[in-house]
1. Please report, ordered by residue number, the helices (runs of 4 or more DSSP H) entirely within region 1-72 with at least 3 residues that are modelled with pLDDT of 60 or more and under 21 Å from residue 120 (Cβ atoms).
2. Restricting attention to region 91-123, which residues are under 18 Å from residue 70 (Cα atoms) and at pLDDT below 90?
3. Which one of these is among the hydroxyl-bearing types (Ser, Thr, Tyr) and touching a Gly at 6+ places or on another chain (Cβ under 7 Å): 53, 60, 24, 76?
4. Quick one: how many residues across region 47-62 are loosely packed, with under 13 Cβ neighbours inside 10 Å and within 15 Å of the chain's Cα centre (by Cα)?
5. For region 73-90, what are the residues that are part of a helix (DSSP H, G or I) and out of contact with any helix residue (DSSP H, G or I) (no Cβ under 9 Å at 6 or more places or on another chain)?
Amino acid sequence: MRVSSQMKGLRSSIGALAGASALTRRGVMRGLKKGGLFLQRESQKVCPADTGTLRNSAFTRETRVDGEPAVNVGYTAVYALYVHEMPASYNFQAPGTGPKFLENPAKEHKDRIVRIVQREAKL
């Protein structure tokens, strides 16, 4: 089981690829990968860590969705979904960690991630 998040705000930027050059397409993929790695780092900062297994299961992978470049960011630990969806009342060991450790950073840093993609693609 894995936890992953999808950012829909990038679709308008990626939609400009219809007539884009191969260089621009490579730039978009590079930007998506850099944006995904940024999100992964931010998520790991607030991800609960008892043994480190959950944090160490984070990944960022290039993929395609409907033929368009995309990046998956998520966690592969078998209990990742359970911890991600835990109620906020659960007592997490370290201050600043808690549930929604992937979703919240994605929402919080959405504009910065979009700028990373746009800068790399030079859109």
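1. Helices (runs of 4 or more DSSP H) meeting the threshold: 22-46.
2. Passing the criteria: 121, 122, 123.
3. Criteria check complete, one pass: 60.
4. Within region 47-62, residues that are loosely packed, with under 13 Cβ neighbours inside 10 Å and within 15 Å of the chain's Cα centre (by Cα) number 1.
5. Once the filter is applied, which keeps residues that are part of a helix (DSSP H, G or I) and out of contact with any helix residue (DSSP H, G or I) (no Cβ under 9 Å at 6 or more places or on another chain), region 73-90 yields 81, 82.
The values are calculated or read from the model by the stated rules, or taken from the named source; none is laboratory data. Source: prediction; values computed, not measured. With ideal geometry, Cβ positions are generated from the backbone for all residues, glycine too; neighbour counts draw on all protein chains shown.
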